[in-house]
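Asks: The structure's right below; bear with me while I get my questions together.
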Amino acid sequence: MNLSNNTVLLTGGASGIGLALAVRFLQAGSEVIICGRRADKLAEAQQRHPSLHTYVCDVANAAERMELVRWATTKFPRLNVLVNNAGIQNRVQLADDATDWETRRQEIVINVEAPIHLATLLIPHLREQPLAAIINVTSGLSFAPAAFVPIYSATKAALHSFTLSLRHQLAPTGISVLEIVPPAVDTDLGGPGLHTFGVPVDAFADSVMARLAAGEQEVGYGTSEKSRLASRAELDEQFRLMNNRS
Ligand SMILES: NC(=O)c1ccc[n+]([C@@H]2O[C@H](COP(=O)([O-])OP(=O)(O)OC[C@H]3O[C@@H](n4cnc5c(N)ncnc54)[C@H](OP(=O)(O)O)[C@@H]3O)[C@@H](O)[C@H]2O)c1
């Protein structure tokens with residue numbers, strides 16, 4: 001894809017991977033709108049990168065998703081790229097989980113329902129734009145789950161599956177459907193300090209953006225690149241090693 005001259009709506013862009021992607025789109029000469037729940041984090045990002053546009057939105061809420069799309073397409077009629085990046089990750093032991101379902105459900109709503117809904121809301125607008133694209137941020141865990149984040153891993157497998165079907169269905173419309181498949185990246189995902197073992201976010205973002213610019217449709221990095229290309233036997237072995245069971 002061409003990284004310049006786009007108008008990009010990127011969910012969860014005030015921190016981590018989303019902010020790193022947003023900054024690279026800006027640097028390439030695109031207009032970028034980021035959204036998230038925390039107004040202070042959005043303001044902080046905007047202070048560091050004054051040309052960013054920001055919008056407070058909880059993508060867990062269907063009405064807020066509809067209002068986000070209405071606002072963004074009205075204010076930025078040239079909007080041609082959606083990046084579904086917002087996500088949360090919860091460590092859950094299902095054998096001993098007393099959490100109420102409404103709380104539990106949020107991971108599914110934010111990681112799967114929201115990106116599917118945002119894509120469907122924006123397709124009519126995107127099909128009128130030149131060089132339109134939908135970019136979904138999945139995970140290496142889409143391919144081999146980490147058992148300590150069982151719901152998260154399932155949501156990312158679902159989003160990967162949806163991305164394949166969406167790419168197939170939208171091929172005649174000219175809307176590209178792309179997938180970024182991160183490995184563990186050093187961000188605050190799941191809470192501060194839980195991903196310090198991950199790869200540096202800037203190195204990851206530089207690599208995936210260069211490969212998207214070169215025309216690739218599904219892009220991993222390090223271990224997630226191996227996962228997305230692995231055989232079933234290799235994925236089973238990864239699962240065994242990652243989850244420390246013989
Ligand atoms: N870091 C990793 O190891 C890793 C690996 C594979 C995939 N990923 C994926 O990469 C994406 C970005 O994660 P990250 O690692 O950059 O973590 P992060 O720094 O925690 O970023 C997640 C972003 O999503 C936003 N967000 C979460 N829930 C939201 C909601 N309901 N509405 C709007 N925005 C929401 C957060 O902002 P607010 O809290 O202010 O809303 C935050 O800016 C996620 O989809 C994640 O699953 C990350």
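Just so it is clear, none of the values below were taken in a lab; they were calculated from the coordinates. These numbers were taken from a predicted model, which means no experiment stands behind them. Using ideal geometry, Cβ is built from the backbone for each residue, glycine included, and neighbour counts are taken over all protein chains shown.
Asks: If contacts are Cα pairs under 8 angstrom and at least 6 residues apart, what is the relative contact order of the chain in percent?
Replies: Reported as a whole number, the value is 19 percent.
Asks: In nm, what is the difference between 0.36 nm times the number of residues separating A39 and H125 and their Cα-Cα distance?
Replies: The A39-H125 span can extend by a further 28.3 nm.
Asks: Check the straight Cα-Cα distances from K156 and name the lysines below 19 Å, setting aside those fewer than 8 residues away within the same chain.
Replies: The reachable lysines, counting only those whose Cα sits under 19 Å from K156, are K226.
Asks: Sum -39500 (n - 2.57) across every DSSP H segment of at least 4 residues in the chain, then divide by the residue count to get the 222 nm mean residue ellipticity, nearest 500.
Replies: -14000 deg cm²/dmol
Asks: Using a simple spin-label model with points 7 Å from Cα along the Cα→Cβ vector, what separation in nm is obtained for A62 and S4?
Replies: 4.2
Asks: Just to confirm a number: summing +1 for Lys and Arg and -1 for Asp and Glu over residues other than A230 whose beta-carbon lies under 11 angstrom from that of A230, what do you get?
Replies: Cβ neighbours under 11 Å give a net charge of -1.
Asks: Starting from the Cα-Cα distance between R105 and Q93, subtract it from 0.36 nm times their residue separation and give me the gain in nm to one decimal.
Replies: Computed gain between R105 and Q93 is 2.8 nm.
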